[in-house]
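Asker: Let me give you the structure first, and then I'll get to my questions.
Derivation of every value follows stated rules applied to the coordinates shown; laboratory data play no part. Small disclaimer: the values here were computed from a predicted structure and weren't measured. Here the Cβ is made from the backbone with ideal geometry for all residues, glycine too, and neighbour counts use every protein chain on show.
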Amino acid sequence: MYKKTRICECCGKELTYGSYSAWHLAEKNNAVCKSCASKKRAKRLNNLKVLLEETPETYYWMGFLLADGHFDNGKRIIVGLSEHDRDHLEKFAKYIGYNGAISLVKKGSYSAVRLSAMDTEVVGKLCEKFDIKSNKTYNPPESLSWMPEDLFLCLMAGLIDGDGNISNFRGRKDAFIRIKQEKSWLPILREIAKYFKEEDRVKINKLGYAEVEITGFPKIRELKKKLLEYNLPLMNRKWDKIDVGYETRYEKKEKTYRKIKELLAQKIKQTEIAKMVGVSESRVTTVKKQIENE
């Protein structure tokens, strides 16, 4: 039986051929083994290396992938979204230089879009870097506290776009953020709540899920302002509910109090202060009494 060998220049594996023509063709084309050929083909379809970069957008997408992505045996990344979020999946595809097809999957009345990007080397590094385990739904990373704050906020934004929701309080313009995950994610949700100083808002709900609800609007408003500076591909249908120009009644009250206090210190008459600030004289009197009792 004919047997001819050669070495794969990529991995050094010995390759065996059963005919001279097969060996000669491989030698002529400088062919590599099937495994290396598969990796090269996958790399031509995407540039997953961008997800290893220390940039705001990379961390945003990693947060999104922690929520809505699947890391298939540390070899490929699979993302599936509802069809009405196709534009978001296309943004991710563009970011990773994906040249493959975005498939449409239909189950009854539900339609989803899906892409799969393979790069064994890169995906393995991503899993190691972000502590991504198999079945991450029940096995989340141990912690996210190792990240610099700015990148942590970007990752959190991606997590919110994947597994969270942003809603307005009924009859009000201020908004709150809620993230719900499997109960194994409780430590991660505590880390998120800690940033907002709302650790008491983390709980296991009646259905057994870990949940955090962030209600401090000034902090939420500042979060959006920071994220806008990074020019992240935020989901508009969620983040548009946060009006960065809106002030709560409490904030307006505090601002009025500080202004009146400042003018009283300048010995300006109370009637003049009322006109300048746009409040009643009784409001100025009330503030004056508060200052006297401080």
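Asker: Roughly speaking, what % of Cα-Cα pairs in region 249-293 are separated by over 16 Å, rounded to a whole number?
Answerer: 24 percent
Asker: What does the net charge come to around Ser167 if you take all other residues with beta carbon closer than 11 Å to its beta carbon, with K and R at +1 and D and E at -1? The partial results should precede the final answer.
Answerer: Values: positive: Arg170, Arg172, Arg178, Lys238, Lys241; negative: Asp174, Glu213.
Every neighbour counted, the sum reads +3.
Asker: Between Lys75 and Val105, what is the label-to-label distance in nm when each label sits 7 Å out along the Cα-to-Cβ direction?
Answerer: 1.7 nm
Asker: Between Thr215 and Lys252, what is the spin-label point distance in nm, taking each point 7 Å from the Cα along the Cα→C-beta axis?
Answerer: Roughly 2.1 nm, to one decimal.
Asker: Then there's this: Within 10 Å of each candidate Cβ there may be at most 13 other Cβ atoms; applying that plus a DSSP loop requirement, which trypsin sites (Lys or Arg not before Pro) in region 170-248 survive?
Answerer: Those that pass, being in a loop and sparsely packed, are Arg170, Arg172, Lys197, Lys206.
Asker: Separate question: Taking a cut-off of 28 Å between Cα atoms, list the lysines near Lys289, but don't count ones fewer than 8 places away on the same chain.
Answerer: Candidates past the 8-residue exclusion: Lys252, Lys253, Lys255, Lys259, Lys261, Lys267, Lys269, Lys275.
Asker: Calculate, for Lys259 and Arg237, the FRET efficiency according to 1/(1 + (r/R0)^6) with r their C-beta to C-beta distance and R0 41 Å; round to the nearest 0.05.
Answerer: Computed FRET efficiency for Lys259 and Arg237: 0.65.
Asker: Given a Förster radius of 22 Å and the C-beta distance between Glu182 and His84 as r, what FRET efficiency does 1/(1 + (r/R0)^6) yield to the nearest 0.05?
Answerer: The calculated FRET efficiency here is 0.35.
Asker: As a check on your grasp of the helix formula, calculate [θ] at 222 nm for the chain: sum -39500 (n - 2.57) over DSSP H runs of n ≥ 4, divide by the residue count, round to the nearest 500.
Answerer: -14000 deg cm²/dmol
Asker: Could you give the semi-axes, largest first, of the ellipsoid that matches the chain, computed as the square roots of 5 times the alpha carbon gyration tensor eigenvalues and rounded to whole Å?
Answerer: Ellipsoid half-lengths, sorted descending, are 57, 19, 17 Å.
Asker: Given 0.36 nm per residue, what is the gain on full extension from Glu27 to Glu9 after removing their alpha carbon distance, in nm?
Answerer: Details: separation 18, 0.36 × 18 = 6.48 nm, distance 1.10 nm.
Gain on stretching Glu27 to Glu9: 5.4 nm.
Asker: Using a 7 Å offset from Cα along Cα-Cβ at Ser167, what residues in region 182-213 end up with backbone N under 13 Å from the label point?
Answerer: 212-213
Asker: Here are some pairs, Lys13/Lys94; Lys219/Lys241; Lys49/Lys136; Lys129/Lys219; Lys133/Lys183; Lys106/Lys180; which of them have Cα atoms lying more than 24 Å apart in this structure?
Answerer: On the way: Lys13/Lys94 34 Å; Lys219/Lys241 15 Å; Lys49/Lys136 21 Å; Lys129/Lys219 29 Å; Lys133/Lys183 16 Å; Lys106/Lys180 26 Å.
In this structure, Lys13/Lys94; Lys129/Lys219; Lys106/Lys180 lie more than 24 Å apart at Cα.
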